[in-house]
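First up is the structure itself, then whatever we jot down about it.
The values are calculated or read from the model by the stated rules, or taken from the named source; none is laboratory data. This is a predicted model, so every value here is computed, not measured. Neighbour counts are summed over all protein chains in view; Cβ atoms, including those assigned to glycine, are modelled from backbone coordinates with ideal geometry. What goes into the accessible areas is simple: the full protein's heavy atoms, side chains included, and nothing from ligands, DNA or RNA. Shrake-Rupley method; radii C 1.70, N 1.55, O 1.52, S 1.80 Å.
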Amino acid sequence: MVQTPITHLDLYPDSDGQPMAENTVQYRWIVRLVSNLKRLFAGQNVFVAGDLLWYPVQVQASPVPAQAPDAMVVFGRPPGDRGSYKQWQENDIPPQVVFEILSPSNTRREIFIKQTFYQQYGVLEMFFYDPDSRDFWGFVRETPEQEFSLITPLNLPWTSPLLQIRFELGGDELRVFHPNGELFQDPEEVMAEREQIQRDLEQVTQERDRALAKLRELGIDPNEL
């Protein structure tokens, strides 16, 4: 019997066949994290991705170790498009920070498997958040050889050593802040703010132009004031 050889694409597909999110709340959180982290590290040698398969090691046959964090940050790797994150093609640099936004279908066993995977393959900071229950926890360490320290709501407000972003529990949900104190916002909120700033600038410009025109009507040269 002739056996069909297992190809590279068979071992390392670019999709795990699972949806990015199970509901709009989970999706909104994933987009919020990824978009804000990309803004935070724009122009730097940092790769940020959401729902991207991470293959930490090369293997010759299945099973293939892999996870697709809802968001991940890799310091020391350039931004850009990738079908998946194959670590051996990335100077063997693992994601240092990962986020998981939990959905109703996530089981304790599944979460434990994720935590064990991230611990085994070199993650330094991992954060878990359930938007429905408002449960939040994380694990942090300085090097892959160290044991993790647990971060719980009792530690909040708390700042990530690697990302320098601050976590707080405020109102009815987790709140995340940029190092400059700016709240993580959804992309449409950021766009709305930018549009409002543009409108305000246009209004100021129009008022300035009207004032200058009035001075000229009165025979006053604004450049001589």
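Kindly indicate which of Pro5, Pro78 is assigned to a loop (DSSP other than H, G, I, E, B), over 22 Å from Pro161 (Cβ atoms), at pLDDT 95 or above and open to solvent by 30 Å² or more (accessible area, probe 1.4 Å).
Going through Pro5, Pro78 in turn, just one is assigned to a loop (DSSP other than H, G, I, E, B), over 22 Å from Pro161 (Cβ atoms), at pLDDT 95 or above and open to solvent by 30 Å² or more (accessible area, probe 1.4 Å): Pro78.
Out of the residues in region 136-158 that are out of contact with any strand residue (DSSP E or B) (no Cβ under 7 Å at 6 or more places or on another chain), without any contact (Cβ under 8 Å) to a residue 12 or more places away in the chain and part of a loop (DSSP other than H, G, I, E, B), which is least open to solvent (accessible area, probe 1.4 Å)?
Gln146
Answer yes or no: is there a residue in region 159-166 that is in contact with a Phe, Trp or Tyr (Cβ under 6 Å, 6 or more places away or on another chain), of a type in the set (Ser, Thr, Tyr), farther than 30 Å from Asp10 by Cα and surrounded by 13 or more Cβ atoms within 10 Å (Cβ to Cβ).
Scanning region 159-166, I find no residue that is in contact with a Phe, Trp or Tyr (Cβ under 6 Å, 6 or more places away or on another chain), of a type in the set (Ser, Thr, Tyr), farther than 30 Å from Asp10 by Cα and surrounded by 13 or more Cβ atoms within 10 Å (Cβ to Cβ), so the answer is no.
Could you figure out which of (1) touching a helix residue (DSSP H, G or I) at 6+ places or on another chain (Cβ under 9 Å); (2) open to solvent by 60 Å² or more (accessible area, probe 1.4 Å); (3) of a type outside the set (S, T, N, Q) isn't true of Tyr129?
(2)
All but one of (1) of a type in the set (D, E, K, R); (2) at pLDDT 90 or above; (3) open to solvent by 40 Å² or more (accessible area, probe 1.4 Å); (4) closer than 22 Å to Asn23 by Cβ hold for Glu189; which doesn't?
(2)
Here are some residues: Glu100, Glu110. Which one is surrounded by 19 or more Cβ atoms within 10 Å (Cβ to Cβ) and of a type outside the set (Lys, Arg)?
None of the other options fit; the residue is Glu100.
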